[in-house]
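*Asks:* Have a look at this one.
Read-outs throughout are calculated quantities, based only on the coordinates presented, and are distinct from any laboratory measurement. This one's a predicted model, so the numbers in the text were calculated from it and none came from an experiment. Here the Cβ positions follow ideal geometry from the backbone for every residue, glycine too, while neighbour counts run over all protein chains shown.
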Amino acid sequence: MSKIFVDACFGKETPYTPVWMMRQAGRYLPEYMEVRAQAGNFLNLCHDPKKACEVTLQPVNIVGVDAAILFSDILVIPDEMGMDLEFIKGEGPKFNDPIKTEADLNRLLGGEEAASKLTYVYDTIKLIKEQLADDKALIGFCGAPWTLATYMIEGEGTKTYNICKKMMYSDPELLHKILAKVTEVVKLYMEKQIQAGIDVVQIFDSWAAAIEPSKYDEFSWKYMVEIADYLKGKYPNIPIIMFPKGVPAFLDKVYGNFEVFGVDWSTPMGLAKEKLGDKYVLQGNMEPCRLYSKEATTECVEALQSIMGGKRHIFNLGHGILPDVPVENAKHFIAECHRVSKK
Ligand code: CP3
């Protein structure tokens, strides 16, 4: 059976415009909270293929999205490279041993050695594929090397990025060595996700906006393009979604061999269409907080449909869903996307 989500990524005509949602900071499903409580903590859940499979399928079965996103986290990569990851309640992710020097980097595992440690992710994918309906797509993902490097260098989420920016301007060679090492792991990691069964690749560059536009290509985009080139060369039938968050000033310079460009909610969809709509299918971009109001949701879905005309577009939030969004409103979003775009 064909997957309309995959067809839409390749810009083919589909009976309606597909929709999916990232949950990330989203503890909005009580069913998710229940499984997470059984697992003890978030990382245990990522390490347990049966439970990770169960929570991956929840949004498909409960709210009716057209694609499931693998349940995992972008930070399992630095964790398996040998850094010590903890998710601290109320504070988010933390590495207790951030990279300060080249010696710190050299201690970490690279390439195949690191990628082959992520067997729990590949096992989760295989389980999901056994249970996911044939017409639904499974999105596998990774973080962009830059976004992963910000955590590896700062040790935690940051408002200023001062430690990695100090490295960017005073020791760019070391930053490039970190980015290159992470890129090698990510390439193999995504290849193994594809071999395990994912239908679509998404690369998240959540902290893209931290880099000034004239440096964005050098420190982030070119590494994302390198990953896309590697995967496209071997797996041309697997579509790739690039999602750099908050880069309207870079839209004129976007290049690369991939199918879908994820538009975040701070970038007007009309602007993205004007600049990129001929080259790439666009994904996005409702402000996730609109989900607090059904009226605000409908208004935005209708506006997006009128801008995109149901063509070369995938409905999506402009970022992750928030934990206190009523499930009913999430269902309303999906139903509205399907309603306005049915041909
Ligand atoms: O939507 C999904 O559930 C898919 C799986 C997914 C998660 N993280 C699970 C998760 C995906 C695609 C991610 C990506 C991710 N992780 C990103 C990139 C996307 C983005 O939001 O920009 C980033 C930056 C991370 C790192 C990360 N993981 C942070 C900063 C946090 C803390 C968030 C918070 O509000 O405390 C996480 C935790 C996390 N990853 C959760 C989930 C479901 C919440 C954990 C929980 O409390 O259950």
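*Asks:* Taking region 8-111, which trypsin sites (Lys or Arg not before Pro) meet the DSSP loop condition and have no more than 10 other C-beta atoms within 10 Å?
*Replies:* On the way: sites: K12, R23, R27, R36, K50, K51, K89, K94, K100, R107; in loops: K12, R23, R27, K89, K100, R107.
In loop regions of region 8-111 (DSSP not H, G, I, E or B), the sparsely surrounded trypsin sites (Lys or Arg not before Pro) are K89.
*Asks:* May I pose another question? Rounded to the nearest 10 degrees, what's the angle between the helix 30-39 long axis and the longest principal axis of the chain, both from Cα atoms, 0 to 90?
*Replies:* 30
*Asks:* On a C-alpha basis, how far is the centre of region 23-64 from the centre of region 164-193 in Å? Whole number, if you could?
*Replies:* 30
*Asks:* To continue, here is another question. Assuming a viscosity of 1.567 mPa s and a temperature of 4 °C, what translational diffusion coefficient in µm² per second does Stokes-Einstein assign to region 117-245, Rh being the Kirkwood radius over Cα pairs? Don't skip to the end; give the middle numbers.
*Replies:* Details: Rh = 15.5 Å.
Diffusion coefficient, whole number: 84 µm²/s.
*Asks:* I'd like the orientation of helix 222-234 relative to the chain: the angle between its Cα long axis and the longest Cα principal axis, in ° from 0 to 90, rounded to 10.
*Replies:* Between the helix axis and the principal axis of the chain, the angle is about 70 degrees.
*Asks:* So, one more: Hey, what angle do you get for helix 294-308 against the long axis of the chain, alpha-carbon based, 0 to 90 degrees rounded to 10?
*Replies:* For helix 294-308, the angle is close to 90 degrees.
*Asks:* Work through the residues other than F333 whose Cβ is under 14 Å from its Cβ and net out their charges, Lys, Arg +1 and Asp, Glu -1.
*Replies:* Details: positive: R23, R290, K294, K331, R339; negative: D66, E287, E295, E299, E302, E328, E336.
Local net charge: -2.
*Asks:* What are the semi-axes of the equivalent ellipsoid of the chain, taken as the square roots of 5 times the eigenvalues of the Cα gyration tensor, listed largest first and rounded to whole Å? Display every interim value, and only then the final one.
*Replies:* Details: eigenvalues 178, 108, 76 Å².
After scaling each eigenvalue by five and taking roots: 30, 23, 19 Å.
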